[in-house]
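The values are calculated or read from the model by the stated rules, or taken from the named source; none is laboratory data. As the structure is a prediction and not an experimental result, all values here were calculated from the model. Every residue, glycine as well, gets a Cβ built from its backbone with ideal geometry; the counts of neighbours run over all protein chains shown.
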Amino acid sequence: MTASTHSIELAQLAAVAADSKQADNLVALDVSGPLPLADVFLLASGRNERNVMAIAEEILDRLAEAGTKVLRREGMSEGRWILLDFGDLVVHVFHEEDRMYYSLERLWKDCPVVPLQVTAADA
C-alpha cells in the first residue's frame, strides 16, 4: 500500500505550517503499509516547549482553514511531544531532546520517506 494523494497533500500543508514557525528536521514517512490506521507520519522538531506548541498550533490552524479537523491531540499542555491525529495524517511535534530519545525514524526505518517541498517563500 502507499499513502493516498490526500494524506500526502495534508502532510505537505502541515509541513509548510510547521516551517513557518521555524520547525526543524521535517520528515514525512509513508506508514500505510505497516499501520492500517494512518497513511503518513509527519515528524517535526522545536527548540523549546514554546516553539513546539507554536508549531502544533499553526498546523492545527492551517489544516482547520483547509477544512480538516483534528480527531485527537495529546501533549499540548507539556509541549515536549505533541501528537495531532487528523486520521490519515498523524503529526508528531517534538522537543529536540525528546525526538532524539524516542527516535521514531529508527522505529519506522522501513517506511518510505514522503518528499516534502518547503521553501522560505511558503512561510
Practice prompt. Go through the residues of the range 45-68 one by one and say whether even a single one is of a type in the set (Lys, Arg) and touching a Phe, Trp or Tyr at 6+ places or on another chain (Cβ under 9 Å).
Written response: no
Worksheet entry | Subset of the range 89-100 (residues that are surrounded by fewer than 17 Cβ atoms within 10 Å (Cβ to Cβ) and in a strand (DSSP E or B)) | none
Discussion item. Can you tell me which of (1) surrounded by 13 or more Cβ atoms within 10 Å (Cβ to Cβ); (2) more than 12 Å from the chain's Cα centre (by Cα) is the one Gln117 doesn't meet?
Written reply: (1)
Item to complete: Kindly establish whether Ser20 is surrounded by 21 or more Cβ atoms within 10 Å (Cβ to Cβ), within 14 Å of the chain's Cα centre (by Cα) and among the polar types (S, T, N, Q).
Response: no
Discussion item. Filter the range 74-88 down to the residues that are at pLDDT 95 or above and either surrounded by fewer than 15 Cβ atoms within 10 Å (Cβ to Cβ) or among the β-branched types (Val, Ile, Thr) (or both) and list them by number.
Written reply: Glu74, Ile82
Practice prompt. Quickly run through the range 21-40 and pick out the residues that are within 10 Å of Val90 (Cα to Cα) and basic (Lys, Arg).
Written response: none
Worksheet entry | Residue pairs meeting the criteria (Cβ under 9 Å; at least 6 apart or on separate chains; first over 19 Å from Met53 (Cβ atoms) and free of Cβ contacts under 8 Å to residues at least 60 places away in the same chain, in the range 12-38; second polar (S, T, N, Q) and in a helix (DSSP H, G or I)) | Ser32/Ser7; Ala38/Ser7
Discussion item. So for the range 38-53 (the condition being at positive phi and crowded, with 18+ Cβ neighbours inside 10 Å), does at least one residue qualify?
Written reply: no
Worksheet entry | Selection from the range 89-109 of residues that are farther than 20 Å from Arg47 by Cα and at pLDDT 95 or above | Leu89, Val90
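Residue by residue, here is whether (1) free of Cβ contacts under 8 Å to residues at least 60 places away in the same chain; (2) among the hydrophobic types (A, V, I, L, M, F, W, C); (3) outside any strand (DSSP E or B) holds:
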site: Phe41; (1), (2), (3): no, yes, no
site: Asn51; (1), (2), (3): yes, no, yes
site: Ile59; (1), (2), (3): yes, yes, yes
site: Ala64; (1), (2), (3): yes, yes, yes
site: Arg73; (1), (2), (3): yes, no, no
site: Gly79; (1), (2), (3): yes, no, yes
Discussion item. Of all residues being touching an Asp or Glu at 6+ places or on another chain (Cβ under 7 Å) and of a type outside the set (A, V, I, L, M) in the range 81-95, which is nearest to Ala3 (Cα to Cα)? Just the residue, please.
Written reply: Asp88
